[in-house]
Amino acid sequence: MTRSRAELSDVTPAGATSPANRSGRPLLELHDVDVEIPLTDGTLHAVRGVSLSASAGQSVGLVGESGSGKSLTLRAAMDLLPVPATVTGGSIVVDGVDVTGMVPARRRQHLSSVMAMIFQDSLTALNPTMRIGDQVAEVPRLRLGMSKSAAHARAVDLLSQVGIRDPESRYRAFPHEMSGGMRQRVCIAIALSAEPGLILADEPTTALDVTIQAQVLGVLAALRRDRGVGMVLVTHDLAVVSGTCEELNVMYAGRIVEHGRTEVLLDAPRHPYTAALLRSVPDPDQPVHRLLTISGQPPDLMQPTTPCPFAPRCPAQVERCLIEVPPLRSVGHGHTSACWRADEPEGWPAAIADVAVEEVWR
């Protein structure tokens, strides 16, 4: 469910405190990663030069429109790209080890010892023919070498940790016998079963109502607080990242166009796309009910784009946007923006947002 911009500062799940230990190297580092998908009529350049990092206990958000490359970025990091998508450039460093050129079996072994992934659709992520508990116990048995009884006890404990009542009874349930929120908790338990330092969460609350969504976010926040688990969260919901993530990356057309501390970026965006996204969040306090959308359409990533991919939709474009690629450059205090006009006088974001959207009346 989409929430208003007024609610962005009010969505803070229980237990979302920052862990004290954030020292040490990042658990995940992407450096200029490219992902391409060869198709019969051309090549889709799905991810272009993406760089980001995440450490233990840290929560990093990745937001943008559908098709911007968010999920493929996570799948590239976890070596779970769908065929025929491939990483064609850049490097992926996991816990200090560059896994880009590793033999696939060794790469996946190293990745799974450091990271785990929570998928968007819990119903399809779970095996419908296996009982819930057996799916949670599978990794402790096969990867950690636990006995069947020890893995059973571990699975019951994990189900309890993620807030499933009567976990011993639920152990024997099948996925279709549980609600969406319960299934998503099971997916979190499976992700935790190998004790990863970092969880990659691909829109884990998309199909849930706001009450269950808050409960799931609370479980993830408690994991950060109690176990120091880091998280990279892909979502389209700005309210979720506001209450969950410390750092935020905004993606557009396969590129990261803005990065910074979440509260700073949401309060004072320095890229017109981010500003337009914020303006498009419905506000129930407005006397007239209307929806605001970003005008135009995202570019076709199978075709050459303008140096700034947002330029065709941006009323603030200048000639330089059409002839030179804007790099991610600092606008102060760890805040970066890929916009040639990012350092213009204060008041720019609001002015851009006012003209970067069009009204759609309900």
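Evaluating 6.51 cos²θ - 1.76 cosθ + 1.60 at θ = phi - 60° for every residue in the range 214-224, the Karplus couplings come out as 4, 5, 5, 5, x, 4, 5, 5, 5, 5, 5 Hz, glycine and proline recorded as x.
Ordering Pro196, His45, Ser122 by Cα displacement along the dipole of the range 26-245 toward the positive end leaves Pro196 in first place; charges were set at the Cβ atoms of Lys, Arg (+1) and Asp, Glu (-1). The angle between the Cα long axis of helix 104-114 and the main principal axis of the chain comes to about 90°, on a 0 to 90 degree scale.
By the beta-carbon count within 10 Å of each Cβ, the least crowded to most crowded order of Ser51, Ser147, fewest first, is Ser147, Ser51.
Let me know the charge dipole size of the chain about its Cα centre in debye, to the nearest 20, where only the beta-carbon of Lys, Arg (+1) and Asp, Glu (-1) is charged. Please report the intermediate quantities before stating the final value.
Details: 33 positive and 40 negative charges, 233 e Å.
Around 1120 debye, computed over the chain.
About its Cα centre, the dipole of the range 183-230 is roughly 160 debye, where the only charges are +1 on Lys and Arg Cβ and -1 on Asp and Glu Cβ. For the chain, modelled as a GNM whose springs connect Cα atoms under 10 angstrom apart, the maximal fluctuation among Ala191, Ala150, Ala276 occurs at Ala150. Cβ-to-Cβ counts within 10 Å put Leu200, Leu266 in ascending order as Leu266, Leu200, the fewest first.
Report the FRET efficiency, 1/(1 + (r/R0)^6), for Ala150 and Thr86, where r is their Cβ-Cβ distance and R0 is 51 Å, rounded to 0.05. For Ala150 and Thr86, the calculated efficiency is 0.85. Residues whose amide H lies under 5 Å from that of Asp343, counting only those 5 or more places away or on a different chain, are absent; hydrogens are built 1.01 Å from N in the peptide plane.
Springs between Cα atoms under 10 Å define the GNM used for the chain, and in it the highest mean-square fluctuation of Pro38, Pro26, Pro326 occurs at Pro38.
Explain nothing, just the number: dipole magnitude of the range 173-328 about its Cα centre with +1 on each Lys and Arg Cβ and -1 on each Asp and Glu Cβ, in debye rounded to the nearest 20.
Values: 12 positive and 17 negative charges, 14 e Å.
Roughly 60 debye, rounded to the nearest 20.
At a Förster distance of 35 Å, what's the computed FRET efficiency of Asp343 paired with Asp41, Cβ-Cβ distance as r, to 0.05? Working shown, then result.
On the way: r = 40 Å, r/R0 = 1.15.
The formula returns an efficiency of 0.30 here.
Based only on other Cβ atoms within 10 Å, what is the fewest-to-most ordering of His176, His236? Before the final figure, lay out the partial values.
Details: His176 9, His236 16.
Going from sparsest to densest Cβ surroundings: His176, His236.
As I understand it, the dipole of the chain uses +1 on the Cβ of Lys and Arg and -1 on the Cβ of Asp and Glu, about the Cα centre. Which of Leu142, Ser330, Leu217 lies farthest toward its positive end? Value computed over the given set: Leu142. Using every pair of separate Cα atoms, the Kirkwood estimate puts the hydrodynamic radius of the range 181-336 at 17.9 angstrom. Once backbone amide H atoms are built at 1.01 Å from N, Tyr252 has Val257 as its partners under 5 Å, excluding neighbours fewer than 5 places away on the same chain.
Every number in this text was worked out from the coordinates using simple rules, so none of it is lab data. Bear in mind the structure is a predicted one, so any value in this text is a computation, not a measurement. Glycine also receives a Cβ, built like all others from the backbone with ideal geometry; neighbour counts cover every protein chain displayed.
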